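**Student:** One structure, as structure tokens, below. Some questions next.
The values are calculated or read from the model by the stated rules, or taken from the named source; none is laboratory data. Remember, it's a predicted structure, so these values are computed and weren't measured experimentally. All Cβ positions, even for glycine, are placed from backbone atoms using ideal geometry, and neighbour counts span all protein chains on display. Surface accessibility is based on the protein's heavy atoms, side chains included, excluding ligands, DNA and RNA. Shrake-Rupley method; radii C 1.70, N 1.55, O 1.52, S 1.80 Å.
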Amino acid sequence: MSEVIVRFPPSPTGYLHIGGARTAIYNWLFARKYGGKLILRIEDTDVERSTQESIEGILDGLRWLGIDWDEGPYFQSEFAHEHVTAADRLLESGRAYRCFCTREELEAKREAALAAKKDLKYDGTCRRLTPEHAAEKEAAGVPSVVRFKVPERDGKIGYDDKVLGRIEKEYREIEDFVIVRSNGKPLYLLCNVVDDIRDRITHIIRGQDHMTNTVRQILLYQALGADVPVFAHMPLTLDLKKAKISKRSHGEVVAVQFYRDHGFIPWALVNFLVLLGWSPGDDREIFSREELIQAFSLERINRSNSIFNYRKGDPRFFTDPKAININAHYLHTMPIEEIGEMVRQEFLAEGLWDPDYEREKKDWYLATLDLIRARFHTLKDFAALGRAYFSDEYPFDPKALKKNVLRHEGLKRWLPELAERLEEIQDWSLESTEAAVRAFAEETGVKPGIIINGIRTVVTGQIKGPGIFDVLVAVGKDRVVSRLRKTPELYVAA
Ligand code: GLU
């Protein structure tokens, strides 16, 4: 394939939506696969709705995801003169014309057509004006829009969509569409094409929601004498009820920022979003960056809509369970140094960071993260469920207190006694702690499991976790002993 140039052209009117991020990711993968270029273009022509905050949010979101671009960000508004020039060229070459019909006239025509069950498209009144007549009206200051002159011919205009196959439309069905408003501002449809021509875009990979524009845009490419790029329209992302996902109806869960705030690993979100609308053709679900670039192709983008499997209000899942599972997979398998770096950010924000974790306590820090990560789903879990390893102030799972402590009144006595035994251990290790706990259980005549569950609850605040002796070694002798001594207080608390 000759040079590939693709673009991601968000309109900065809100947050970076996961659907928008997926568009960016598909374009990025395609560019990387073919050694091409990804251009970032901020389509800020809608001045009223575009905000600086939104621009920054989009850039931050892309950077966080690791989606890098090769050119830009360009700003559509900076090329306003080119959009106007293109419209003028179309007027001069007779591919467009001024339309002086007023809104009221157009409305009346529409109603008449509706009543007569006739075609609703613009009837071409001003297309038939002589150039002199049009010039006269213009000179007299009659307001006008500019309409594109759709070729009057039989047959169809079409394109080979890389995802959907051949798409065609009868010329007769296409109305002479407006390309410049009466205030002189070119419409988005035209600006988008002018920018894509200037940026030499070879492939346009975008959502199916833009398909209503495509044939009209192809007409504009042809009229402007430019090559028509290849189009690939991606499926939409819908919820379980087949409605489009949006912040208004689904809340923050549709924004990339939400995943960052909920302890997602950026690549895990990329991996999840790619699968929302594309499949490798086999049952693989986890891809490294290189594997994904290799495997990706436009042809394997799904034709049918993707389902974002999220049940609002379901307390078990704060987002699509598949996204959580993919995140957990990365959390469990990534090199622990990389996890250590991400958890560092979490700990800094939580006031749990100790600078020694990257100096003399580094081995302990990484080994502890490695020990506890197997049950975690997000980076947030380290500071929440894993807090007891890093701080003496840690929460108790209410279930843990009820189940493991209160069920055995004897623990109130046994655990402080055990603390005395443990305090005597000189070489604090898996073996020595295990031997001491088992000997104590035997002497007391209690099942080791009861003691062990009690220790776990008191020392970590949780019901589940790694092997208890690993826990004891990781938490350390002094902390274990002092926590077990405080067991009676937990009975008051529970
Ligand atoms: N600015 C448009 C959007 O954010 C993109 C249009 C396109 O990809 O052609 O939806």
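**Student:** Considering all projection directions equally, how large on average is the shadow of the alpha-carbon convex hull of region 124-197, in square nanometres?
**Tutor:** Result: a mean projected hull area of 6.7 nm².
**Student:** Next up: Using a 1.4 Å probe on the protein heavy atoms, what percent of the accessible area of the chain belongs to carbon and sulfur?
**Tutor:** The computed percentage sits at 49.
**Student:** Next up: Have a look at the DSSP beta bridges in the chain and tell me what percent are antiparallel, nearest 5.
**Tutor:** Of those bridges, close to 55 percent are antiparallel.
**Student:** Students often check this: by mean Cβ neighbours within 10 Å, which of 438-450, 79-91 ranks highest, and how do the rest follow?
**Tutor:** 79-91, 438-450
**Student:** Report the paramagnetic label zone for S304: residues of region 223-256 whose backbone N is under 17 Å from a point 7 Å from Cα along the Cα-to-Cβ axis.
**Tutor:** Those under the cut-off are 234-244.
**Student:** Same structure, new question: For K241, list the aspartates and glutamates whose Cα falls under 19 Å from its own Cα; do not include residues on the same chain fewer than 8 positions away.
**Tutor:** The reachable aspartates and glutamates, counting only those whose Cα sits under 19 Å from K241, are D209, E252, D314, D320.
**Student:** Using alpha carbons only, what's the Rg to Rh ratio of region 365-474 with Rh from Kirkwood?
**Tutor:** With Rg and the Kirkwood Rh in hand, the quotient comes to 0.96.
**Student:** Taking Cα centroids, how far is region 219-294 from region 460-479 in Å?
**Tutor:** 41
**Student:** Report the calculated FRET efficiency for K464 and E53 (r = Cβ-Cβ distance, R0 = 30 Å), to the nearest 0.05.
**Tutor:** Here the calculated transfer efficiency is 0.10.
**Student:** Given the chain, report the % of alpha carbon pairs whose separation exceeds 41 Å.
**Tutor:** Percent of Cα pairs beyond 41 Å in the chain: 41.
**Student:** I've got another one for you. Label 7 Å along Cα→Cβ of D354; region 467-494 residues with amide nitrogen under 20 Å?
**Tutor:** 469-486
**Student:** What does the highest-first list of 176-188, 380-392 look like by mean Cβ count within 10 Å?
**Tutor:** The packing order, highest mean first, is 380-392, 176-188.
**Student:** Among all the lysines, which ones have a C-alpha under 27 Å from K117's C-alpha, if same-chain residues fewer than 8 places away are not counted?
**Tutor:** K109, K149, K156, K169
**Student:** Quick check on packing: order 114-121, 452-459, 343-350 by the mean number of other C-beta atoms within 10 Å, highest mean leading.
**Tutor:** Answer by packing, highest mean first, reads 452-459, 343-350, 114-121.
**Student:** Per 0.36 nm of contour for each residue apart, how much would the distance between H133 and E423 grow if the chain were fully extended, relative to their Cα-Cα spacing?
**Tutor:** Going from the current span to full extension adds 94.2 nm.
**Student:** Using the heavy atoms of the protein chains and a 1.4 angstrom probe, tell me the accessible area per residue for region 377-494 in square angstrom.
**Tutor:** That works out to 48 Å² per residue.
**Student:** Quick one: accessible area per residue over region 7-124, 1.4 Å probe, rounded to a whole number of Å²?
**Tutor:** 50
**Student:** Is the shape of region 75-204 best called rounded, prolate or oblate, per the rule: a/c under 1.5 gives rounded, else a/b larger than b/c gives prolate, else oblate, with a ≥ b ≥ c the square roots of the Cα gyration tensor eigenvalues?
**Tutor:** oblate
**Student:** Could you pull out every Cys in the chain that lacks a partner Cys with its beta carbon under 4.7 Å away?
**Tutor:** Cysteines of the chain left without a disulfide-compatible partner: C101, C191.
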